[in-house]
Amino acid sequence: MTTSNSDRVRQLSDWLRDTDIARLELRGPGESICLQREGGRIVVAPDEPAPEMDATSVAATAASVGVFLHRHPLRDSAIAETGTTVRSGQVVGLLQIGALLLPVTSPCDGVVAAMLLEHGATAGYGTRLVELHPSSTTS
Amino acid sequence: MIEILSASALATVQDLGRVGALRWGVGTSGAMDPLALAAGNILLGNDEGAAAVEVPVFPFRVRFAQDCAFAVTGADVAAKLDEPVLPWWSTQARAGQVLNLGLPQGGAWRGSRAYLCLAGGVEVQAVLGSRSTQLRGAFGGHEGRALRQGDTLRFGVSDGEQRSTDFGLVPPALALPLQVDGLPAMRVLPAAEYTLYSEASRAAFWSEPWKITAQSDRYGYRLVGTPLEAVSALEMRSHGIVPGVIQVPPGGQPIVQMRDAQPSGGYPKLGTVIEADLWRLGQAPIGSRVRFIETNWDEAVAALAQTRRWLDEVRRLVELQRGYRSGR
């Protein structure tokens with residue numbers, strides 16, 4: 001964390017102190033902040049390491065907070081079953097925010113390797129949702 | 001511009017209807033599922049009441065003559081634009097691409113009509129304040145008739161104007177569900193002649209399923225079930241009726257007036273499907289069964305307000321998403 005952020009951390013800590021929120025994680029490109037409650041104090045928590053993933057894998061991530069759906073609410077089958085070949089930008093799941101459905105898209109050409117979150121589970125911003133094997137490394 | 005490739009008839013241009021023209025003897029017309037039409041328009045950033053193509057017979061195919069953002073709502077018809085398109089979803093088509101709407105799918109809800117909404121809305125002349133096709137009067141919509149193979153429709157967005165696409169909605173059939181014993185249900189207000197039917201008939205009307213016969217269309221849905229018996233023979237003069245009115249002809253099998261209903265009729269009226277639930281009946285497939293729920297004026301008004309709240313929430317979320325994307 002850079003010192004230019006320390007004012008913001010102090011401000012966030014002040015706000016958090018008056019809530020019943022136990023833990024706050026903020027993630028952005030290249031940096032993340034995690035604040036948590038310890039008794040009456042708000043402290044900066046150490047970053048949790050990203051989940052271990054195969055070096056040949058990439059993940060489709062949540063572009064927003066929402067409920068992760070493997071299948072469209074009208075459908076019985078998954079949008080992209082494990083083993084499906086997909087192109088970069090193809091929809092592999094959905095994020096539901098109230099009535100709104102946002103696409104979860106594949107970041108690469110490849111094969112769907114695993115769903116990393118249950119159907120209907122809540123995802124935070126940046127949560128890894130779908131593991132993919134890029135076609136350049138699997139072929 | 002889009003070009004109709006299908007020979008199958010009965011697809012029509014519809015908006016939310018020619019409201020306020022009954023006084024001139026002109027029926028309402030408009031989408032059989034106004035909620036699907038309004039939501040599809042909201043997805044595209046259109047006015048809720050922009051005209052769209054209502055498709056009741058499948059498969060149905062159109063070719064885009066220019067780039068165009070579109071949304072398919074209503075029944076899940078396994079839409080394909082080269083690749084599969086999700087239901088209740090906005091998509092960008094490129095010039096030359098063909099959109100194919102297939103047979104309505106089962107899944108969590110089976111509808112019977114799909115709406116093809118286009119960015120800017122279908123551009124046809126408004127007649128008496130509406131772009132809906134008035135089939136009986138042969139005016140409005142596209143040349144006052146159902147669409148034919150080779151017809152072309154313009155829409156109100158110039159080539160190259162970008163609309164944010166690639167997001168969708170949870171359909172109201174799931175967000176605002178209404179079922180009795182697993183069957184789609186509609187709330188009904190008892191009408192003027194309700195009390196002239198036998199107690200057994202009235203009870204059966206609420207407690208038994210009603211099957212939608214093949215003689216059902218945009219004019220009216222003919223239902224079949226235990227015949228409804230009047231206490232005495234009823235003779236009436238013709239009087240004004242509106243979509244939703246449930247008439248009972250002498251055979252005792254009810255007819256629900258739908259969007260293309262004529263503005264007057266002479267059969268006794270048992271009840272009226274409330275405005276807020278008419279889309280549920282409009283989407284019920286021929287051969288399927290439905291149930292009726294007795295309601296009252298206050299509940300009918302509250303149901304309409306609930307529908308309005310759903311549309312307002314949809315618009316709020318879509319506009320947030322649109323703003324978020326354009327701000328990136």
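Count, for each residue of A:61-74, the Cβ atoms from other chains sitting within 10 Å of its Cβ, then give me the mean as a whole number. Each step should come with its number before you reach the end.
On the way: counts 0, 0, 2, 2, 0, 0, 0, 0, 1, 0, 2, 10, 12, 16.
Average per residue, whole number: 3.
Skipping prolines and chain starts, which residues have an amide H placed within reach, meaning under 5 Å, of the one on A:Val130, given they are 5 or more residues away or on another chain? Placed amide hydrogens put A:Ala60, A:Leu116 under 5 Å from A:Val130.
I'd like the carbon and sulfur percentage of the solvent accessible area for the protein assembly as shown, probe radius 1.4 Å, heavy atoms only, ligands and nucleic acids excluded. For the protein assembly as shown, the apolar C and S fraction of the accessible surface comes to 51 percent. Spatial offset of the range B:236-271 relative to the range B:128-143 amounts to 22 Å, using the alpha carbon center of each.
Helices from chain B with mean Kyte-Doolittle at least -1.0 and a Cα length along the axis of 15 Å or more, per DSSP H: which? Span-like helices here: B:34-44, B:297-326.
Diffusion coefficient (Stokes-Einstein, Kirkwood radius over C-alpha pairs, 20 °C, 1.002 mPa s) for the range B:5-80: 156 µm²/s, rounded to a whole number.
Using mean Cβ contacts within 10 Å as the protection proxy, how do B:18-28, A:124-134 order, highest first? Before the final figure, lay out the partial values.
Numbers: B:18-28: 16.9, A:124-134: 19.1.
Packing order, densest peptide first, comes out as A:124-134, B:18-28.
Averaging the Cα positions of each part gives two centres, and for the range B:305-319 and the range B:48-107 these lie 23 Å apart. Proximity of backbone amide H atoms, modeled 1.01 Å from N, is registered between B:Gln253 and B:Leu228 at under 5 Å, excluding neighbours fewer than 5 places apart on the same chain. Averaged over its residues, the range B:104-221 has an accessible area of 44 Å² per residue, based on protein heavy atoms and a 1.4 Å probe.
Could you work out the relative contact order of the range B:188-270, using alpha carbon pairs under 8 angstrom and six or more residues apart, expressed as a whole percent?
Answer for the range B:188-270 is 33 percent.
As a length-normalised measure over Cα pairs under 8 Å and 6 or more apart, the relative contact order of chain B settles at 20 percent. Couplings 3J(HN,Hα) of the range B:219-235, computed from phi: 6, x, 10, 8, 9, 10, x, 4, x, 8, 10, 7, 5, 9, 4, 10, 10 Hz, in residue order, whole Hz [Karplus 6.51 cos²θ - 1.76 cosθ + 1.60, θ = phi - 60°; x for Gly and Pro].
The values are calculated or read from the model by the stated rules, or taken from the named source; none is laboratory data. Since this is a predicted model, take the numbers as computed values, not measurements. Please note: Cβ atoms are built from the backbone with ideal geometry, for glycine as well, and neighbour counts cover all protein chains shown. Heavy atoms of the whole protein, side chains included, go into the accessibility calculation; ligands, DNA and RNA do not. Shrake-Rupley method; radii C 1.70, N 1.55, O 1.52, S 1.80 Å.
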